[in-house]
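No lab work stands behind these numbers, since they all come straight from the coordinates. What you are looking at is a predicted structure, and each value in this text was computed from that prediction instead of being measured. Methodologically, a virtual Cβ is constructed for each residue, glycine included, from the backbone with ideal geometry; neighbour enumeration extends over all protein chains shown.
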């Protein structure tokens, strides 16, 4: 469904990704792990059109999409939940959610989408009129995820959803990821918690220095060996 071939991308004169090849199969969860600076976030941004690709191509359903404007990606069924719980702090929880359904074709069934978001995250319903900037870290992450799902994406890119969260919230987030898998969505997960990421994944990629250095089905991953490469031991 989503393919990256020979991709190079970066920021200005600084190249980050070096001839990256990745295949994300439809309806499966693929996790990308690696140390800080490996290029994981840059990869997601390149797919979303936030970072210019200088070489290679990105295709969705066989159609080339690199160079597509970021604002058009939800119309193609692609949404990203960025690292850092980026919410609109001066807007209410519900206003944040409504922005997630910004594309015109996503307006249909808006009330049902809101109801589903609140069913997934009951705490957001309790705080629906509250400013997003007043939420706890865990609640803000829930809001970021719920807002991304308001566009009803078939391809969902998620960057470090568990970063800095309490274990009970991490458990809730990964529980939701498991449910989203059963809905047939294609999920690309960047995650530092390697054990949890591999447990939930179908396919695992390890990145270092802007390159893919390991690709394996999750069920074949030896975590001890992967940690040796991951941590450089």
Item to complete: Give me the number: length gained by fully extending residue 195 to residue 59, i.e. 0.36 nm times residue separation minus the C-alpha to C-alpha distance, one decimal in nm.
Response: 46.0 nm
Discussion item. Please list, short to long, the whole-number percent of alpha-carbon pairs of the stretch 69-222 in consecutive 10 angstrom bins beginning at zero.
Written reply: 10, 39, 35, 13, 2
Worksheet item: Tell me, how many Å apart are the Cα centres for the stretch 125-139 and for the stretch 1-74?
Response: 32
Worksheet item: In what order do 142, 1, 150 fall by count of nearby beta-carbon atoms within 10 Å, going from fewest to most?
Response: 1, 150, 142
Practice prompt. Could you pull out which residues in the stretch 9-41 have an amide N less than 11 Å from a spot 7 Å beyond the Cα of residue 50, following the Cα-Cβ vector?
Written response: 41
Worksheet item: Using the beta-carbon distance between residue 25 and residue 111 and R0 = 25 Å, what value does 1/(1 + (r/R0)^6) give for FRET efficiency, to the nearest 0.05?
Response: 0.15
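Expressed in nm to one decimal, what extension gain is obtained for the pair residue 83 and residue 119 from 0.36 nm per residue of sequence separation less their Cα-Cα distance? Don't jump to the answer; show the numbers that get you there.
Working: separation 36, 0.36 × 36 = 12.96 nm, distance 2.33 nm.
Computed gain between residue 83 and residue 119 is 10.6 nm.
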Worksheet item: Relative to the longest principal Cα axis of the chain, at what angle does helix 110-120 sit, 0 to 90 degrees, rounded to 10?
Response: 70
Worksheet item: Once you put a point 7 Å from the Cα of residue 214 and another 7 Å from the Cα of residue 1, both along the Cβ direction, what distance in nm separates them?
Response: 2.6
Practice prompt. Give me the distance in nm between label points sitting 7 Å out from Cα along the Cα-to-Cβ direction at residue 202 and residue 36, one decimal.
Written response: 3.3
Worksheet item: By counting other Cβ atoms within 10 Å of each Cβ, how are 113, 219, 211, 40 ranked from fewest to most?
Response: 219, 211, 113, 40
Response to the item:
Helix 167-182: inclination vs the chain longest Cα principal axis, degrees, rounded to 10, gives 80
Response to the item:
Taking N as the number of residues in the stretch 3-136, the ratio of its alpha carbon radius of gyration to 2.2 N^0.38 Å works out to 1.22
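To make sure I understand, if each residue's beta carbon is the centre and we count other beta carbons within 10 Å, what order do 134, 162 fall in, fewest to most? Each step should come with its number before you reach the end.
Numbers: 134 12, 162 21.
Ordered from fewest to most neighbouring Cβ atoms within 10 Å, 134, 162 come out as 134, 162.
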